[in-house]
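Q: Structure provided below as structure tokens; questions to follow.
The values are calculated or read from the model by the stated rules, or taken from the named source; none is laboratory data. In this text, all values refer to a predicted model and were calculated from it rather than measured experimentally. Neighbour counts run over all protein chains shown; Cβ positions are idealised from the backbone, glycine included. The protein model used for the area step is the full one, side chains on, heavy atoms only, and it has no ligands, DNA or RNA in it. Shrake-Rupley method; radii C 1.70, N 1.55, O 1.52, S 1.80 Å.
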Amino acid sequence: MAEPPKLRVLMVSDFFFPNFGGVENHIYYLSQCLLKLGHKVVVMTHAYGNRSGVRYMTGGLKVYYVPWRPFVMQTTFPTVYGTLPIVRTILRREKITVVHGHQAFSTLCHEALMHARTMGYKVVFTDHSLYGFADVGSIHMNKVLQFSLADIDQAICVSHTSKENTVLRSGLSPGKVFMIPNAVDTAMFKPASVRPSTDIITIVVISRLVYRKGADLLVEVIPEVCRLYPNVRFIVGGDGPKHVRLEEMREKHSLQDRVEMLGAVPHSRVRSVLVTGHIFLNSSLTEAFCIAILEAASCGLLTVSTRVGGVPEVLPDDMVVLAEPDPDDMVRAIEKAISILPSINPEEMHNRMKKLYSWQDVAKRTEIVYDRALKCSNRNLLERLSRFLSCGAWAGKLFCMVMILDYLLWRLLQLLQPDEDIEEAPDIRLCHHRGVEVAKGLMEEDKVRN
């Protein structure tokens with residue numbers, strides 16, 4: 001008889017497989033490691049194309065693809081209360097003990113955290129990004145974050161810079177916020193068996209081609225580096241609205257034979273692109289951590305990056321050359337990287353990355369945060385409302401009204417469908433048979449309904 005799970009965790013975010021990115025990778029790898037530690041992990045996200053309903057992934061990871069379609073930038077339309085019935089059903093059906101939301105941009109995350117606290121569940125939030133304080137979008141986002149985090153049990157940030165940023169934006173007590181970095185799958189990102197010749201130096205860029213990722217800097221940096229170094233070529237992987245600007249730059253400077261544009265690169269192909277290069281270039285204007293740098297370093301590439309956000313915390317000084325987000329300074333940083341390239345040993349760099357970053361370590365540290373959350377005392381509605389009142393003279397009162405209505409709707413749902421009427425899902429036990437994981441238990445693919 002298999003032992004019952006230690007914890008039952010619901011990961012919630014708009015960002016998950018089949019999309020690939022920092023948040024998606026974090027949720028997937030963290031979930032897999034938590035499963036190996038004996039916990040039950042369920043993921044809740046929105047539908048992607050025809051991927052809707054319940055799916056099972058490696059290790060028995062169960063994913064609810066809720067039939068909501070993305071509204072903008074892969075996030076669902078904010079309904080505030082529209083997700084309450086499905087969140088309640090999943091929480092009861094999977095017997096969840098901790099709800100873990102990811103990414104401040106995720107509408108689904110904010111709504112799930114709100115409903116979970118209304119129903120008395122322990123909640124944890126992980127912030128993966130940095131935000132400003134001056135522009136209209138950041139002001140709005142910071143107020144939403146202040147509302148969502150006013151009543152959470154614990155929070156996690158992926159860098160010390162990110163922690164400071166989140167505490168300032170949300171008003172959370174620093175004692176509630178933990179720093180747990182991202183990691184890299186070093187078994188997947190390994191150097192090439194034969195290092196590429198340095199007769200032609202290849203600089204690799206793999207990034208979303210958007211303003212925040214510094215695509216406009218690339219437009220100025222690439223032609224200047226090509227002018228200074230005839231033996232340098234660039235490989236640019238990624239897609240986005242700034243793709244056209246890079247194509248125009250390539251045409252204007254006649255660099256078609258020296259700048260290869262790959263378009264969107266599937267995550268399964270990232271390693272094969274990285275190992276063809278010598279230097280990895282990151283031009284982000286803001287970054288909380290940047291997993292791409294870890295993947296490049298694990299493949300043995302020397303990194304040149306802008307000195308922004310949490311990037312200076314990611315790699316040791318001898319594995320990265322930092323520059324200000326300025327074209328001239330970035331060109332100087334690339335010149336420095338080219339000069340020290342002969343001293344770089346890809347295998348040695350890969351072995352160091354194995355010791356520096358591990359998803360198993362991230363999972364164990366996250367376990368500690370879950371334990372802290374479970375030890376937090378439960379508060380009744382009035383005690384919780386007092387927290388929201390402190391969010392501002394007018395905003396505080398508005399937040400209290402939102403929470404009171406959420407509480408009343410939850411009670412109404414309990415009358416219409418008592419908790420005991422919601423069928424509990426059986427746990428899946430995994431065993432290994434001839435090296436193949438075999439799922440034992442009921443594995444029906446129920447369609448998620450409101």
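Q: Filter the chymotrypsin sites (Phe, Trp or Tyr not before Pro) in region 127-201 down to the DSSP loop ones having no more than 12 other Cβ atoms within 10 Å, then list what survives.
A: Listed in order of number, the matching sites are Phe133.
Q: I'd like to verify something in the chain: which complete DSSP H helices, judged by Cα projection on the helix axis, reach 27 Å or more and average at least 1.0 on the Kyte-Doolittle scale?
A: Span-like helices, by this rule, are 395-416.
Q: Okay, next question. Name the lysines eligible as straight-distance cross-link partners of Lys354: C-alpha to C-alpha under 18 Å, and not fewer than 8 places from it in the same chain.
A: Those lysines meeting the cut-off are Lys190, Lys364.
Q: Can you tally the net charge around Ile422? Count Lys and Arg as +1, Asp and Glu as -1, for every other residue whose Cβ sits under 11 Å from the Cβ of Ile422.
A: -2
Q: For region 201-357, which whole-number percentage of the solvent-accessible area (1.4 Å probe, protein heavy atoms only) is attributable to carbon and sulfur atoms?
A: After summing per-atom areas, the C and S share lands at 49 percent.
Q: On average, how much accessible surface per residue is there in region 201-357, in Å², for a 1.4 Å probe, leaving out ligands, DNA and RNA?
A: Roughly 41 Å² per residue, with all protein chains present.
Q: Along the positive direction of the dipole of region 332-393 (beta-carbon charges: Lys, Arg +1; Asp, Glu -1; about the Cα centre), which of Leu389, Gln360, Ile340 reaches farthest?
A: The listed residue farthest towards the positive side: Leu389.
Q: Do any trypsin sites (Lys or Arg not before Pro) in region 17-88 lie in a loop, going by DSSP, with at most 14 other beta-carbon atoms within 10 Å of their beta carbon, and if so which?
A: Hits after loop and neighbour filter: nothing returned.
Q: Under a Cβ-only charge scheme (Lys and Arg +1, Asp and Glu -1), can you give me the dipole magnitude of the chain about the Cα centre, in debye to the nearest 20?
A: Approximately 1020 debye in magnitude.
Q: Let me ask something additional. What number, rounded to the nearest 500 deg cm²/dmol, is the helix-based mean residue ellipticity at 222 nm of the chain, given -39500 (n - 2.57) per DSSP H run of at least four residues and division by all its residues?
A: Value at 222 nm, helices only: -12000 deg cm²/dmol.
Q: Could you give the spread of the C-alpha atoms of region 294-405 along their three principal axes, from largest to smallest, in whole angstroms?
A: On the principal axes, region 294-405 reaches 65, 36, 19 Å in Cα extent.
Q: Of the accessible area of region 1-84, with the probe set at 1.4 angstrom, what percent is carbon plus sulfur?
A: After summing per-atom areas, the C and S share lands at 61 percent.
Q: Turning to a different aspect of this structure: Would you mind calculating the gained length between Ala393 and Arg332 on full extension (0.36 nm times residue separation, minus the Cα-Cα distance), in nm to one decimal?
A: So the chain would gain 17.0 nm between Ala393 and Arg332.
Q: Report, in debye and to the nearest 20, how large the dipole of region 201-357 comes out about its Cα centre when Lys and Arg carry +1 and Asp and Glu carry -1 on their Cβ.
A: Computed charge dipole of region 201-357: roughly 380 debye.
Q: At most 12 other Cβ atoms within 10 Å plus a DSSP loop assignment makes a site exposed; report the longest stretch of the chain without any exposed GluC sites (Glu not before Pro).
A: 1-422
Q: Have a look at Val232, Val99, Val41 and tell me which one the Gaussian network model of the chain (Cα, springs below 10 Å) gives the largest fluctuation.
A: Its mean-square fluctuation being the largest, the pick is Val232.
Q: Here's another thing I want to ask about it. Tally Lys/Arg at +1 and Asp/Glu at -1 over every other residue whose Cβ is under 15 Å from the Cβ of His110; what's the total?
A: -2
Q: What net charge do the residues around Gly310 carry, taking every other residue with its C-beta under 12 Å from that of Gly310, with Lys and Arg at +1 and Asp and Glu at -1?
A: -2
Q: With r as the distance between the Cβ atoms of Lys6 and Thr58 and R0 = 22 Å, compute the FRET efficiency 1/(1 + (r/R0)^6) and round to 0.05.
A: Computed FRET efficiency for Thr58 and Lys6: 0.65.
Q: In whole Å and largest first, what semi-axes does the C-alpha gyration tensor of region 201-357 yield when each eigenvalue is scaled by 5 and square-rooted?
A: In descending order, the three semi-axes are 22, 16, 16 Å.
Q: OK, next. Given an 8 Å cut-off on Cα distances and at least 6 residues of separation, report the relative contact order of the chain as a percent.
A: Relative contact order here is 16 percent.
Q: Straight-line reach from Lys62: which lysines have Cα under 19 Å away, leaving out those fewer than 8 places along the same chain?
A: Straight-distance partners of Lys62: Lys6, Lys36, Lys40, Lys95, Lys440, Lys447.
Q: How much length would be gained if the chain were fully extended between Ala187 and Tyr211, taking 0.36 nm per residue of separation minus their Cα-Cα distance, in nm to one decimal?
A: Answer, rounded to one decimal: 5.4 nm.
Q: Now a separate question. If Rh is defined by the Kirkwood formula over all Cα pairs and Rg also comes from Cα, what ratio Rg/Rh do you get for the chain?
A: 0.99
Q: Something else now. Points 7 angstrom from Cα along the Cβ direction at Ser138 and Asn351: gap in nanometres?
A: Spacing of the two 7 Å Cα→Cβ label points: 4.3 nm.
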